[in-house]
Amino acid sequence: MWQVGPKIKHASAVITASFFVGAMTVPAAYVKPSDDPAFTLKTHCPPSFHLTEDNSCQFSNMYMMYKSLENVGTGGLRKGIPDPRDGFTPQEIDLGRYLFFDPALSKDGSMSCASCHDPDMGFADNRARSIGITGEEVSRSAPTLWNSSFLNIYFWDGRAASYEEQMLGPLYAENEMGNTREHLLETLNGIPEYIRLFKQVYDSDGISLDQVYTALAAFEGSLISLNSRYDQYAHGYHAALSEKEIAGLNVFRSFVARCAECHTPPLFTNQQIAVIGTPEPEGMRRDIGAEAVDGDKTLRGGFKVPTLRNITKTTPYMHSGRFETLRDAIEFYNKGRGHAVGKDEELEIHWHIHEPDLTDDELDLIVAFLGTLTDENFKPETPKSVPSGLPLAPASANDI
Amino acid sequence: MNKMIKWALVLVAVGGAFYFGFNLKEGQSTRGVIVTTSDNPLFAGGSETTLGTTASTGKVIEVRDGENIQNAVNVANAGDTVAVYPGTYKETVYVDKDGITLSGVIVGGEWPKLDGEGVKNDAILYSGNNVTVENFHISKYKGNGVFGQAGNNFVIRNNIVDDAGVYGIFPQYGKNGIISGNVLSNIADAAIYVGMSDNIDVIANEVFDSVAGIEIENTRHALVEGNYVHDNTGGILVFIMPGLPLKTTYDVIIRRNFIVNNNHPNFGAPGSAVAGIPAGSGIVIVASDDVVIEDNIITGNNSYGIGTTDFGFFKSNDKDVEPNPDRLVILNNVMSNNGEDAAPLIKSLMALQMTSKGPDIADSGAGVDKCILNPGQYRTVGLSNYYTCDFASSTSYATRTMTLSEPAPAFKLEGASAEDFERELGRHTYYGICSGCHLDDDVLIGPSVAEIQDQYLGDLEGMSTADVREEVDYAAKAISDYIANPVRVREHLPPMPTQNYLSEQTRVAAAKFMLSRNKKLPMLRKEK
């Protein structure tokens, strides 16, 4: 479990290391040809997808057997899921995988998408706030990418509606991957192995940014986690959960705790913006969240309801990582409506945030239930090397 | 129907829609077998619903005082009835399977009672399809009395629910259901709350002493008929709430209800949607479309009889909601004595009309294509953009029920042949689970499909299609048995994890699908 002390120590280590990398003017690997043998792209689809005769990977899952009201893909144990982002070729998905892990996508070759979305950390980074290329913390935590294929809003404040729109954020923000369109294009077009792979996938001479975005979307859309013990229960195998976990499910979905009203199965998010009034970490100003998107004051402090799948893998919790443990995060909801808002702040707190008055035992039961949402069976393979020849970015900044 | 049964129907069913019973053991008294619909068209859920009218085909599991209802549910299968005898049951009952009937047995006026003692959360939770809950007296739960999350084709009838912390009866995310003959009181939010559902009848219930009587929210195709709605803060609410994944409410009929004296002081929880309802509200329409209000008696509601407004009613916005209440139809209603002691907000509104009394009908002015019949008889405010309804084309009489003539399917494959269903089930299971380890022609984690096929299917050359199918059936069964309890046969590969959580039907379907991946079996392949 995370402690405050070591985390701060790690953070300073990261800053030093990043500065060092940043100080190098040209990432070494860009200029010398890769030593790696030619990269080959997979010809079969990732798990959960099947290959059609026109070489496209189509999603398939038991939840597709069920209907949901108005096809919103939310609502209960055996209700349908939203349409996924699929239809990519196996090669495109695999090219996306290499790009995802390749530090060449950042300004100075020091970090990749996986630096903050590490498959071994629930496709997040186990940090309260992620650390960008400048070595400094950004303002929010990295959300998991598991099952992001089904989402229609991205970012904590919901400001993007697609992968392609979303990824422009981290790629080009100065304090995240710090790149520019021109530099990214130049970098990739200077790597013969990528030229070859993009030609294989897109049959084009030279690499375009749209191709990069599409390939990354293809990979992100393939990260499926729908085979947890909870899913076994939902499909009808009730022995998959212990008595305690079932009791936890019943507290979770009760109309006293009301967790399932927003964290609704099967994705455990209803994809709405909710103002719940969580506290920021000490010393941080309140993040106004969705208010900043279109100036709607009623959404001040509102954030997208995050999925709870693989939630045990992505500590700490909330948009800026205020809570170290799941128990702490759950306890927040039990402490009373608006208790952490502060007297100088006005938020339109969601009506489901109330005074549930759950017992300590019930809070523990919810924790136990959330543990049943873990499924990393289809975790993609981390490549041993990437086409740029750059060393893979540290698995996560805090591993340095 | 003989007279005796009719009598029993009236007394035991407490004014319910229709009634379904089962055989009692010999020597147990009074409760006859009644498998029928009432011939009272009002009580019959619009008289044409098909819900709840068929006899259970399964076994009856009896639960008596001192025993546990959940234990009975755990061993029940689709079609079974859990018959609960009078007594006090202190538990939360959850039903995560289809086709279960929870049926209280009322003996000599003694009801089976579910008692939450003020500490238990919900009394009955269900997610399964085709669930019936009837004849329970539910008291003192912190959350809801009867609470459905998902679950189509539900029947919730003839229950008494009092003193619930949030909602009395709350089906959510369900399609096709009926709530009838229930008596609910002292509920801290809505007594009956139909949330995010489709095709629901709310028929002949009595709701009183609650903050809201009946609430239809983010729901399409609802009939609210023949209810006695009295002494709540607000009587009947038809809302679109912000921040929910379903963004509409439309096609709602409010008909032949008694909406009387809804003047209870508001005791809703701070922040709840109903906390903003002024005491003395008869019917409240917010942002919902195509609502018909017809043949109701609406009297003695101290703020107003019918109030209509747009989405601005709520403090929070939702940019995906169309905010205006459009195409409201107000036909013949008996309205009198409304607005006698209007809430301050209403009073200030009426001051502009030179009266201190609240109105029969108030409209904030938003929305288009609204009409009213004989407006001159009412005290109204804000109806200047209404036109006069054409009765013949506006009346709701042709709609007898909002429920479906056939049960809402649980599966997407409506009317598929057994073979097609098996193929789809197999395909989704194979790719959703098995594809994590198996490829067609290569080793991923487990052996290739080609290798498995060679192992389980012999040489099929020259066999007739029928024989091949027989071979495949046999092989699929063998694979199904193996994966339910695998033993390691390939030392160079990791052991296969047990797949016993899949039903045999599902395992066989997946195995058949996998075998059909083989190029030798084109007759089993339908994929394009």
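Quick notes on this one:
- Looking across B:384, B:364, B:396, one residue alone is open to solvent by 80 Å² or more (accessible area, probe 1.4 Å) and not hydrophobic (A, V, I, L, M, F, W, C). It is B:384.
- Search result, residues across the stretch B:334-348 that are open to solvent by less than 10 Å² (accessible area, probe 1.4 Å) and out of contact with any Asp or Glu (no Cβ under 6 Å at 6 or more places or on another chain): B:339, B:342
- The residues of the stretch A:273-295 that are open to solvent by 30 Å² or more (accessible area, probe 1.4 Å) and either within 10 Å of chain B (Cβ to nearest Cβ) or assigned to a helix (DSSP H, G or I) (or both), listed by number, are A:273, A:292, A:293, A:294.
- Boolean, residue B:408 is surrounded by 18 or more Cβ atoms within 10 Å (Cβ to Cβ), closer than 30 Å to residue B:201 by Cβ and within 14 Å of chain A (Cβ to nearest Cβ): yes
- Within the stretch B:62-75, considering residues that are within 24 Å of the chain's Cα centre (by Cα) and of a type in the set (A, V, I, L, M, F, W, C), the one surrounded by the fewest Cβ atoms within 10 Å (Cβ to Cβ): B:75
- Unique residue being surrounded by 24 or more Cβ atoms within 10 Å (Cβ to Cβ), at pLDDT 95 or above and more than 17 Å from the chain's Cα centre (by Cα) when the list is B:224, B:211: B:211
- Scanning the stretch A:91-98 for residues that are modelled with pLDDT of 95 or more, assigned to a loop (DSSP other than H, G, I, E, B) and crowded, with 24+ Cβ neighbours inside 10 Å turns up nothing.
- Test: residue in the stretch A:353-371 that is under 30 Å from residue A:222 (Cα atoms) and not hydrophobic (A, V, I, L, M, F, W, C): yes
- Flag for residue B:514 being open to solvent by 40 Å² or more (accessible area, probe 1.4 Å), at pLDDT 90 or above and closer than 27 Å to residue A:236 by Cβ: no
- The one condition in (1) more than 14 Å from chain B (Cβ to nearest Cβ); (2) part of a helix (DSSP H, G or I); (3) open to solvent by 20 Å² or more (accessible area, probe 1.4 Å) that residue A:345 fails to fulfil: (2)
- Answer from B:517, B:490, B:423, B:507 - the residue that is in contact (Cβ under 8 Å) with a residue 12 or more places away in the chain, of a type in the set (D, E, K, R) and within 10 Å of another protein chain (Cβ to nearest Cβ): B:517
- Residue satisfying all of: in the stretch B:245-262; in contact with a Gly (Cβ under 8 Å, 6 or more places away or on another chain) and either of a type in the set (Val, Ile, Thr) or surrounded by fewer than 22 Cβ atoms within 10 Å (Cβ to Cβ) (or both); nearest to the other protein chains (Cβ to nearest Cβ) among these: B:259
- Residue within the stretch B:279-292 that is more than 26 Å from residue B:163 (Cα to Cα), open to solvent by less than 10 Å² (accessible area, probe 1.4 Å) and touching a residue at least 60 places away in the same chain (Cβ under 8 Å) present: yes
- Taking the listed residues B:183, B:229, the one that is β-branched (Val, Ile, Thr) and open to solvent by less than 10 Å² (accessible area, probe 1.4 Å) is B:229, with no other qualifying.
- Test: residue in the stretch B:423-434 that is outside any helix (DSSP H, G or I) and surrounded by 15 or more Cβ atoms within 10 Å (Cβ to Cβ): yes
- Filter result (open to solvent by less than 20 Å² (accessible area, probe 1.4 Å) and touching a Gly at 6+ places or on another chain (Cβ under 7 Å)) within the stretch A:354-372: A:366, A:369
- Every residue from the stretch B:458-504 that is of a type in the set (Gly, Ala, Ser) and more than 24 Å from residue A:62 (Cα to Cα): B:458, B:462, B:464, B:466
- Residue in the stretch A:296-319 that is least open to solvent (accessible area, probe 1.4 Å), counting only those that are within 11 Å of chain B (Cβ to nearest Cβ) and assigned to a loop (DSSP other than H, G, I, E, B): A:305
- Residues that are without any contact (Cβ under 8 Å) to a residue 40 or more places away in the chain, open to solvent by less than 40 Å² (accessible area, probe 1.4 Å) and under 22 Å from the mean Cα position of the chain (by Cα), drawn from the stretch A:34-71: A:60
The values are calculated or read from the model by the stated rules, or taken from the named source; none is laboratory data. From a predicted model like this one, the values you see are computed outputs, not experimental measurements. Cβ coordinates were reconstructed from backbone atoms using ideal geometry, including for glycine residues, and neighbour counts include every protein chain displayed. These area figures cover heavy atoms from the full protein model, side chains too; ligands, DNA and RNA do not enter into them. Shrake-Rupley method; radii C 1.70, N 1.55, O 1.52, S 1.80 Å.
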